[in-house]
Amino acid sequence: MIRFNNVHKWFKDLHVLNGIDLQVAQGEVVVVCGPSGSGKSTMIRTVNQLESINEGEIWVDGKNVADPKTDLNALRAEVGFVFQHFNLYPHLSVVDNITLSPIKVKGMDKAAADKQAVALLERVGLAHKKDAFPAQLSGGQQQRVAIARGLAMEPRVMLFDEPTSALDPEMIGEVLKVMKDLAESGMTMMVVTHEMGFAREVADRVVFIDHGKIVEQAPPEAFFKNPQHERAQQFLRQLLTPMS
Amino acid sequence: MNYNWDWNIFFKSTGIGSEIYLDWFISGLGWTIAVALVAWIAALAIGSVLGVMRTLPGKVLPAIATAYVELFRNVPLLVQLFMWYFVVPDYLPEATQIWFKQELNPATSAYISVVVCLALFTAARVCEQVRTGIQALPRGQSAAALAVGFSIGQTYRYVLLPQAFRVIIPPLTSEFLNIFKNSSVASLIGLMELLAQTKQTAEFSANIFEAFTLATVIYFVLNMSLMTLMNLIEKKVRIPGMMGGAK
């Protein structure tokens, strides 16, 4: 479903992505983790070309996203993206946030889009908030709406860029639960997160990235119990016992 | 000061037809509104396009918009007006020149010049406000819009501009009022708008204080009403839960 072939990217002199090779199969849930500045957010943003790449290829659903001939708008419509800071449209109500792109990009009629939006809101547990505005919701609620907005395009893949790192601790669970349900429904997912509980329970594979390189990838059991790479060991130690 | 105020002057005959002085003020106000409103609509449209251009990726379109702003912002309004009225018509094709200078009613040609002048001058200022309004939005907004498959045009239309215009209503209100005040330059090329009628009343009647007092009151009331109108619009489009909007 997603394939990175030797992907490189530079920000001026900084080599953010240094030869990424990665495959994500259909229905697979891959968690990407790594220290801050390791390039994990940049990497996930290259999948739908919110960040361009300088070298290599990224194939999504059989299309090379770096090829100038690829219709990026059509590709992005099939790839859901959930941001760290939610990025809901503040001037639109919850239901309009969800229906805007199905109506304007896919040409869905309003009644059908509204019906779909309500169904999605039920799925994320927020049907009663459909007429609220984003600024009236908590962070966790906003992020759940953002997930519903992504799902409204019926994407083939969902990408999550640190979906819970801007949330208060008591709201993290509600968002992770929605993501877990989504994974169980068979959605292909790539998730940048530090939520190791989520990785352990939901992921099929954990990818550890450092200095723009994938240094380790393994099923969660193996990754947490027996990390091979020294940097991964250090990272996990710091995550589990941050004060030591 | 020894001056005999005579507020009845406005109801006295001007000596021209059956007109009283108040009729001149009403007609002047009509021209002022006709100049300012038409120029404002054009300025808003042109300025919005330029403002969007300044925020687009790439080099050429932003550079064109920037050059426009620098040109129109750095030349005095009066110089621009004289250019549009006295200089530019001489460079029009011959047929258009004859039409503009001879066939058109002089009031109409002055009107066209001043509307073009104010529209282009104000567009530069509107451009800067639209640009800052767009740039003030969180960067995540355009990323979110692009990520669901919107084109650049749709991103601006449905996501960026509706927010940017809400942000810039207060400075746009100032520009809207400015264009009414700036329209008084039209009196210098003979368009009988409010200021020109005031001067004419002062000269005809010698009641200079009354004439300028009335003009001051009319400009003031006009601008206060516009400001109230803009405040109502601002309240109406305020986003619930944000910027002090109703919860």
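The values are calculated or read from the model by the stated rules, or taken from the named source; none is laboratory data. What you see is a predicted model; the values in this text were computed from it and never measured. Counting neighbours? That spans all protein chains shown, and the Cβs are built from the backbone with ideal geometry, glycine included. In case anyone asks, the SASA skips ligands and DNA or RNA and just uses the protein heavy atoms, side chains included. Shrake-Rupley method; radii C 1.70, N 1.55, O 1.52, S 1.80 Å.
From the list A:M158, A:M243, A:M171, A:M187, the one residue that fits, being over 18 Å from A:K40 (Cβ atoms) and in contact with a Ser or Thr (Cβ under 9 Å, 6 or more places away or on another chain), is A:M171.
Residues of region A:150-208 that are of a type in the set (V, I, T) and part of a helix (DSSP H, G or I): A:I172, A:V175, A:V178, A:V202.
Inspection of region A:214-231 finds no residue satisfying the criterion of being in contact with a Gly (Cβ under 8 Å, 6 or more places away or on another chain) and closer than 21 Å to A:N5 by Cβ.
Applying the set (1) of a type in the set (A, V, I, L, M, F, W, C); (2) closer than 17 Å to B:F212 by Cα; (3) surrounded by 12 or more Cβ atoms within 10 Å (Cβ to Cβ) to B:W5 leaves exactly one unmet item: (3).
Results for (1) in contact with a helix residue (DSSP H, G or I) (Cβ under 8 Å, 6 or more places away or on another chain); (2) at the interface with another protein chain (Cβ under 8 Å from one of its Cβ atoms); (3) of a type outside the set (A, V, I, L, M, F, W, C), shown as yes or no for each residue.
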site: A:C33; (1), (2), (3): yes, no, no
site: A:S36; (1), (2), (3): no, no, yes
site: A:V47; (1), (2), (3): no, no, no
site: A:G56; (1), (2), (3): no, no, yes
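Looking across B:Q141, B:Q154, B:Q129, B:Q80, one residue alone is in contact with a Pro (Cβ under 7 Å, 6 or more places away or on another chain) and modelled with pLDDT of 95 or more. It is B:Q129.
Kindly establish whether B:F121 is more than 13 Å from every other protein chain (Cβ to nearest Cβ) and either open to solvent by 10 Å² or more (accessible area, probe 1.4 Å) or touching a residue at least 40 places away in the same chain (Cβ under 8 Å) (or both). Here the answer is yes, as B:F121 does meet what is asked.
Among all positions in region B:68-81, there is at least one residue which is closer than 23 Å to B:S142 by Cβ and open to solvent by less than 60 Å² (accessible area, probe 1.4 Å). Which residues, taken from region B:157-171, are more than 14 Å from every other protein chain (Cβ to nearest Cβ) and either open to solvent by less than 10 Å² (accessible area, probe 1.4 Å) or over 15 Å from B:R131 (Cβ atoms) (or both)? Of everything in region B:157-171, just one residue is more than 14 Å from every other protein chain (Cβ to nearest Cβ) and either open to solvent by less than 10 Å² (accessible area, probe 1.4 Å) or over 15 Å from B:R131 (Cβ atoms) (or both), namely B:P170.
Looking at region B:198-209, can you tell me whether even one residue there is touching a residue at least 60 places away in the same chain (Cβ under 8 Å) and under 30 Å from A:D161 (Cβ atoms)? No, because not a single residue in region B:198-209 is touching a residue at least 60 places away in the same chain (Cβ under 8 Å) and under 30 Å from A:D161 (Cβ atoms). Just one residue in the set A:L121, A:L100, A:L75 is crowded, with 18+ Cβ neighbours inside 10 Å, away from chain B (no Cβ under 14 Å) and not in a strand (DSSP E or B); that residue is A:L121.
Scanning region A:28-39 for residues that are modelled with pLDDT of 95 or more and either open to solvent by 10 Å² or more (accessible area, probe 1.4 Å) or not hydrophobic (A, V, I, L, M, F, W, C) (or both) turns up just one, A:E28. So how many residues does region A:133-178 have that are farther than 23 Å from A:V24 by Cα, away from chain B (no Cβ under 13 Å) and not polar (S, T, N, Q)? Final tally of qualifying residues: 11. Among the residues of region A:166-180, those identified as more than 13 Å from A:A199 (Cβ to Cβ) and surrounded by 14 or more Cβ atoms within 10 Å (Cβ to Cβ) are A:A166, A:L167, A:M171, A:I172, A:G173, A:E174, A:V175, A:K177, A:V178. All conditions in (1) touching a Gly at 6+ places or on another chain (Cβ under 9 Å); (2) touching a residue at least 60 places away in the same chain (Cβ under 8 Å); (3) not in a loop (DSSP other than H, G, I, E, B) hold for B:E234, with the sole exception of (1).
Any residue at all in region B:151-173 that's among the polar types (S, T, N, Q) and within 24 Å of the chain's Cα centre (by Cα)? Yes. Taken over region B:178-202, the residue count meeting the criterion of being part of a helix (DSSP H, G or I), surrounded by 19 or more Cβ atoms within 10 Å (Cβ to Cβ) and not polar (S, T, N, Q) is 8.
Condition check for A:G186 on (1) over 12 Å from the mean Cα position of the chain (by Cα); (2) surrounded by 21 or more Cβ atoms within 10 Å (Cβ to Cβ); (3) in contact (Cβ under 8 Å) with a residue 60 or more places away in the chain: one failure, at (2). Evaluate the following for A:K130: is it surrounded by fewer than 16 Cβ atoms within 10 Å (Cβ to Cβ) and more than 10 Å from chain B (Cβ to nearest Cβ)? When the stated conditions are applied, A:K130 does not pass them.
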